[in-house]
Each structure stands twice: as C-alpha cells, then as structure tokens.
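Okay, structure first, notes after.
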Protein chains: 2
Amino acid sequence: MTPLAVGVDLGGTSIKAALVERDRGLIHEVTRPTYAEEGPERVIERIGEVAEALIAEAPERAIAGVGIGAPGAINWERTTVSHPPNFPGWETINLRDRLRERLGRRMVVLVENDANVAGLGSAHYGAGKPHPSFLMVTLGTGVGGAIIYRNRIFRGSTGAAGEIGHMTIDYEGPFDRSGVAGAIEAYLGQRFLSRHARYRLMTREDSILHRMAGPDLQGITPKMLYDAAVLGDEGAREVLAWAGHKLGCVLGSAVNLLDIRKIVVGGGLSAAGDFILAPARLTLRRFVMPGMHEGLEIIRETRGNEVGMLGAAHLVFQFLDEPIPSHPSP
Amino acid sequence: MTPLAVGVDLGGTSIKAALVERDRGLIHEVTRPTYAEEGPERVIERIGEVAEALIAEAPERAIAGVGIGAPGAINWERTTVSHPPNFPGWETINLRDRLRERLGRRMVVLVENDANVAGLGSAHYGAGKPHPSFLMVTLGTGVGGAIIYRNRIFRGSTGAAGEIGHMTIDYEGPFDRSGVAGAIEAYLGQRFLSRHARYRLMTREDSILHRMAGPDLQGITPKMLYDAAVLGDEGAREVLAWAGHKLGCVLGSAVNLLDIRKIVVGGGLSAAGDFILAPARLTLRRFVMPGMHEGLEIIRETRGNEVGMLGAAHLVFQFLDEPIPSHPSP
C-alpha cells in the first residue's frame with residue numbers, strides 16, 4: 001500500500017478536504033463551510049477538526065502528513081499564510097505550528113499557495129499528468145497561475161512564482177485588483193468579466209441573457225454566459241470568445257518566457273470549454289514566436305476542484321521523497 | 001590552478017573569443033570578423049581557427065573544453081545551431097561534431113543561445129554575481145533575454161526559454177520581427193527604436209539630433225540618442241524615457257510570473273544607463289503586484305560584451321560539475 005495523507009483545500013467559503021492515497025487518489029472527502037468572517041482562530045479550529053476527522057477514517061494506517069492549499073502569500077518554508085483575500089483579521093499565521101499543536105508535534109504539515117497546489121494535483125492526478133512541464137491557469141474569482149516544471153512547482157525566489165493573473169497584456173489597459181494596468185485578471189476575473197458582459201450585451205436585446213440575468217443584466221454571471229452559449233446565444237458566445245482571445249495573449253507571453261508549451265486550464269470558467277479555449281488556442285499561436293509553435297497545447301482540467309485536495313496531499317508525498325531546499329535570497 | 005576553457009561569442013559581424021580560467025576570468029582575448037555572408041563552412045572554419053589559436057596560448061595546460069554562445073535556436077543537448085539570423089545558408093548544423101572533427105573527438109564542446117550565455121557570464125563574473133536568480137535582458141539589435149535561476153540557466157522544455165523580447169505589452173501594438181503584436185522588441189529593438197525616435201523628433205527642431213543624424217534624422221541610432229541625452233537634449237531624453245517605460249512594463253510581467261526580482265540589463269542600449277533604467281524602475285513597480293515589491297532591482301551589466309565569452313567558457317566549467325540532464329518532452 002502506498003502512503004496516505006490529508007489534503008486540504010482552504011477556500012473563502014468552504015474547506016474541502018480528503019484522505020488521499022498516493023497511488024489511488026481520493027479515498028474519502030469532506031466539505032465544511034469556512035466561516036472566514038468569524039476570524040482566523042475559528043478557521044484554524046475548523047481545519048483541525050476536518051483533518052482529525054479524516055485521520056480517524058483510517059484508524060489502522062499511518063498518516064504521512066497534512067498538506068494545505070491556501071489563498072494568500074505562502075513563505076518559502078511552506079509554514080505561514082499571509083493576508084489571504086476574504087479572510088478578515090488574518091495577518092500572517094504559522095498554520096503549520098498551529099495545526100501541529102492540535103495534531104501532534106511530529107505530524108508533517110505543509111502549506112502552499114492554492115493555485116500551485118492545483119497545478120501539482122493536475123500534474124500527478126489530472127490533465128497535466130502526461131506532461132512533465134505545464135502552466136496551470138485557474139479561472140475563478142481571480143485568475144490563478146502555477147508553473148509546473150519537471151513535475152514540481154517552480155517557486156521562484158521566495159515561493160510566489162506563477163502569478164499569471166497579474167501579467168499585463170495592455171500597458172494602458174484597465175486595472176486589476178492589484179493595480180496592474182491591463183493585467184489578464186482585469187478581463188477574466190469573475191467581477192470584471194461579468195461587468196464587461198453586462199455592458200456589452202446591453203444593446204443586444206435578442207440575447208436570452210436579458211431573461212436570465214434580470215433587469216439591466218445586473219445579475220449576470222460567468223455561469224450564465226456559458227449556459228446561454230450552450231443554448232446558442234450569439235451574444236454570450238461573443239463574450240466568451242473575447243475572453244478566450246485575451247487568455248491567448250497572456251499565455252503567449254508566458255510561453256515565450258518559459259518555453260513551457262502545455263497549458264492546463266481549470267477553475268469555474270473552464271467549464272465553458274471550447275467557447276473560451278478554441279479562440280484562446282488561435283490567439284496563442286499569434287503571440288508565441290514561430291520557433292516555439294511545436295507542441296503548443298491548451299488542455300482543460302477535467303478533475304475540477306479535486307485537483308486542489310489531491311495536490312495538497314501530494315505536497316506531503318513529495319516531501320517524503322525530497323525535503324524543501326533552503327531559501328535563496330530574493 | 002582552476003580549470004581553463006575557451007569561450008566563443010559568435011556574432012553576425014565578429015567572433016569574440018577568449019581563454020578563460022575559472023577563478024580568474026579572461027586570460028587572453030581574440031576578435032575576428034565572422035564573414036557570415038561567405039556561408040556556414042567558412043564560419044565553422046573560422047571558429048575552429050580561433051579556438052586552436054587560443055588553445056595554443058597555453059601549451060603547458062589542459063583545456064577543459066570549448067563553449068560557444070550563438071544566435072538562433074539551440075537544441076536541448078547543446079550541440080546544434082538552427083537558423084541563426086543574419087547567417088545566410090545556415091540551416092541546422094551540429095557545431096559540436098564539426099568542431100570535434102578539428103579539435104579532437106574527446107574535446108568537450110557545448111553550444112548555447114547567446115542571451116543565455118550572457119546571463120551565465122553575468123551570474124558568475126558580472127553584475128549578476130551577488131544574485132542566485134535574476135533575469136538578464138540584452139538590449140541590442142533585438143531584445144534578448146535569459147532566466148538565471150539558482151546560478152543556472154533555466155532552459156524550459158526544449159532549451160528555448162527566456163524570450164523576453166517577444167512578450168507582449170500591448171495585444172494591439174506594433175508587430176516585431178517574429179510577428180508578435182506589441183512585443184517589447186517592437187519598441188526597443190534597434191531598428192524599431194531608431195524609427196520611433198526619427199519620427200518623434202521630427203517636430204522638435206530644437207533637438208541637437210537634427211545636427212547629428214543628418215537630413216530628416218535618417219541616420220539616427222540609439223548611440224546618438226544617449227550621446228545627445230548626456231549633452232542635455234530634451235528630445236533624446238524623452239525617447240529614452242519612453243523606451244525605459246516600455247521595458248518596465250514587460251519586466252513587471254516577467255517578475256509576476258517568475259518571482260525573480262533582480263534584473264540585469266546589458267547590451268549596447270544599456271550604456272544609456274539611468275536615462276533608460278530610471279524610468280524602467282518606476283514603471284516596474286507599477287506592473288508588479290504589491291506582494292512582490294520587496295527586493296525589486298534593475299542593475300546595469302558593467303562588463304559589457306565580455307559576459308558572452310565568460311558565460312560560454314562557464315558552460316564548460318558547469319558541465320564538469322554536472323552533465324546536462326536528459327531531455328524532457330516539450
């Protein structure tokens with residue numbers, strides 16, 4: 001039997017966690033609300049509860065450790081989580097130490113950025129599995145990114161690498177939440193895309209979105225866009241193609257820089273599939289220099305949110321093989 | 001005594017080569033015209049001649065090998081050079097095998113992309129030395145780039161990583177030589193920058209460039225721009241600041257993706273120093289997400305073209321420590 005670990009995907013609204021066996025994948029899953037608004041102490045308590053409950057599921061077996069994918073900035077040593085968005089009152093917390101207090105001082109606990117963990121999960125259990133190196137892009141509330149290089153997370157100088165969402169495609173473009181002009185998140189982040197769709201479709205009274213999204217399209221969501229696209233709505237398809245074009249531009253920049261030619265796209269918006277990915281594929285080739293066209297591919301992640309839990313557990317399996325290298329200066 | 005190697009910097013107009021001692025650096029230098037227009041056979045012959053002449057300079061010592069920095073695409077194994085720009089008739093040539101025919105079948109010969117070699121030279125002998133990880137940007141005829149990560153060249157999936165010059169900063173911007181819209185090379189490449197300066201300064205009759213560059217500013221060069229800037233010319237300073245702003249935009253994208261926060265700028269245009277780098281530094285911070293501002297730095301390479309020869313020789317020294325890992329699929 002291969003080792004067993006707990007993988008936790010810490011989100012702003014829910015904690016998804018699973019018992020994972022290295023070779024078999026998910027064994028047992030739990031989802032609980034995060035109640036982030038109750039403050040960090042309550043959140044830490046809830047993670048501890050979930051981890052304990054999962055460990056109790058396999059009373060006869062050893063648990064190699066607990067891996068956690070979290071929003072916010074993670075330090076090089078994979079112990080602390082700083083300023084996760086939508087977690088009020090959370091500054092910098094050593095989640096490793098806090099969980100060890102509860103689970104035992106010898107328990108291996110590792111924390112990593114949620115986008116990186118999704119990439120690692122895809123690399124070992126998802127659409128990224130056939131490819132030693134790929135870019136993972138997560139289209140959700142924001143635009144997350146990770147670099148998987150030779151089956152490992154490329155972490156940069158401090159552990160923060162992979163922020164595709166904040167790469168610019170237009171230096172005079174709209175500002176994203178981080179204040180970067182023309183960053184891809186300012187087009188594809190959920191709030192930005194919904195807003196764009198709302199105003200873009202205002203003059204298209206033929207669009208069924210006027211019936212789906214209420215007066216003045218105020219309630220429009222990305223989910224509605226692809227539901228409408230599936231039903232043949234021209235306006236919705238146009239918006240998703242527009243988004244795909246922007247995605248292709250930023251991926252082109254990333255490919256030129258990294259010479260990594262496979263891209264795995266996950267997150268809620270990836271459910272729109274080819275409505276967004278087909279135009280992205282066309283644009284990608286126009287933004288990658290000709291010498292690097294061979295092997296270019298954009299693939300949809302099909303394991304959905306599971307890659308988060310799987311990747312979090314895999315942090316522990318990888319740690320068994322090779323500890324984290326010491327911190328280089330930035 | 002530390003090992004000795006030959007480092008060759010193969011350019012379109014001249015071959016610069018040196019005998020390099022690992023710990024001491026350049027021992028003896030030679031420059032010869034490339035005569036690329038006479039075809040690849042003559043170029044290979046000339047590289048062989050230069051290498052032999054340098055080896056003969058140290059008759060009493062062993063030579064660890066010959067490293068070559070070349071334009072064009074290099075394969076993962078560091079043996080072939082494909083389609084170097086400005087080398088008529090050159091398709092794909094196994095430069096390693098060809099040089100071994102001349103220098104002996106047991107001679108270590110390694111080829112690497114010229115921008116990567118400049119980065120490696122800077123890492124071990126130049127401005128990059130204090131930093132384990134940095135981006136190297138070479139502002140010359142084109143815009144070259146290299147990623148140095150933990151003192152090694154980050155080579156991507158096939159060996160082609162680092163093409164910062166073809167990253168877009170405006171998806172509807174002007175096209176570069178590779179056909180990428182808004183690529184940084186379409187602003188900072190020598191031909192593009194000269195053209196921009198020429199038209200931009202047409203209406204500034206007060207600029208001394210009208211005296212330096214001839215009628216209609218037809219003969220304007222980047223060198224003239226910074227000569228004029230040093231003399232206080234407002235128009236020239238404006239053009240260089242415009243260029244620096246664009247450079248800051250693309251570097252911001254690269255930093256967000258890689259979390260590598262040091263940038264070393266070399267090449268002819270880097271001689272313009274703070275006229276271009278001061279605005280680049282200001283813009284860089286506006287295009288990097290706030291969580292990654294710590295440690296951001298743009299440094300000028302002060303060893304000039306020497307980093308090419310030094311880095312080429314260092315390919316050999318590094319090979320002595322660790323052979324090239326096997327090729328992953330792209």
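Every read-out reported here was derived from the displayed coordinates using simple, explicitly stated rules and does not represent laboratory data. Only a predicted model underlies this, so the values are computations on that prediction, with no experimental measurement involved. When we count neighbours, we look across all protein chains shown, and the Cβ atoms used for this are built from the backbone with ideal geometry, even at glycine.
Key figures for this structure:
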quantity: Peptide B:259-268 - average C-beta neighbours from other chains (10 Å radius); calculated: 3
quantity: Modelled FRET efficiency - R0 30 Å, A:Glu77 with B:Arg286, Cβ distances, 0.05 increments; calculated: 0.50
quantity: Neighbourhood charge, 9 Å Cβ-Cβ cut-off, centred on A:Leu296 and excluding it, Lys, Arg +1 and Asp, Glu -1; calculated: +2
quantity: Label distances, nm, A:Pro325 versus same residue in remaining copies, Cβ-directed 7 Å point; calculated: 0.9
quantity: Rg/Rh (Cα only; Kirkwood hydrodynamic radius) as it applies to chain B; calculated: 0.99
quantity: Peptide-level mean, for A:142-151, of C-beta atoms on other protein chains within 10 Å; calculated: 2
quantity: Inter-copy label distances at A:Tyr35 (7 Å, Cα→Cβ; nm, one decimal); calculated: 8.3
quantity: Highest-first arrangement of A:261-268, A:282-289, B:318-325, where packing means the average Cβ count within 10 Å; calculated: A:261-268, A:282-289, B:318-325
quantity: Share antiparallel - DSSP beta bridges, the protein assembly as shown, percent rounded to 5; calculated: 65
quantity: Under the Karplus curve 6.51 cos²θ - 1.76 cosθ + 1.60, θ = phi - 60°, whole-Hz ³J(HN,Hα) for the stretch B:153-164, x wherever Gly or Pro sits; calculated: 6, 7, 9, x, 7, 10, x, 9, 4, x, 7, 4
quantity: Packing-based exposure ordering (other Cβ within 10 Å, fewest first) of B:Tyr149, A:Tyr199; calculated: A:Tyr199, B:Tyr149
quantity: Spread of Cα-to-Cα distances over 5 Å intervals beginning at zero, given as percent, for the stretch B:127-300; calculated: 2, 9, 18, 20, 20, 14, 9, 5, 3, 1, 0
quantity: Per-pair calculated FRET efficiency, R0 = 45 Å: B:Ile208 and A:Thr302 via Cβ, rounded to 0.05; calculated: 0.10
quantity: Across A:Lys246/B:Lys223; B:Lys223/B:Lys246; A:Lys223/A:Lys246; A:Lys262/B:Lys246; A:Lys16/A:Lys223; A:Lys16/A:Lys246, pairs whose alpha-carbon gap is larger than 26 Å; calculated: A:Lys246/B:Lys223; A:Lys262/B:Lys246; A:Lys16/A:Lys246
quantity: Along each principal axis, Cα extent of the stretch B:4-113, largest first, Å; calculated: 38, 27, 23
quantity: Rg over Rh, two decimals, the stretch B:181-282 (C-alpha only, Kirkwood Rh); calculated: 1.00
quantity: Ascending list, in nanometres, of distances separating the A:Arg152 label from those of the other copies (7 Å, Cα toward Cβ); calculated: 0.8
quantity: Neighbour net charge for B:Gly244 - beta-carbon separation under 14 angstrom, K R +1, D E -1; calculated: +4
quantity: Antiparallel DSSP beta bridges within the stretch B:4-113, as percent of all bridges there, nearest 5; calculated: 70
quantity: On Cα atoms only, tilt of A:40-56 relative to the major axis of chain A in degrees; calculated: 70
quantity: Helix axis angle, A:274-286 relative to chain A longest principal axis, alpha carbon, degrees; calculated: 80
quantity: Average other protein chain Cβ within 10 Å of Cβ, residues B:281-292; calculated: 5
quantity: Alpha-carbon centroid distance for the pair the stretch B:250-328 / the stretch A:174-210, whole angstrom; calculated: 35
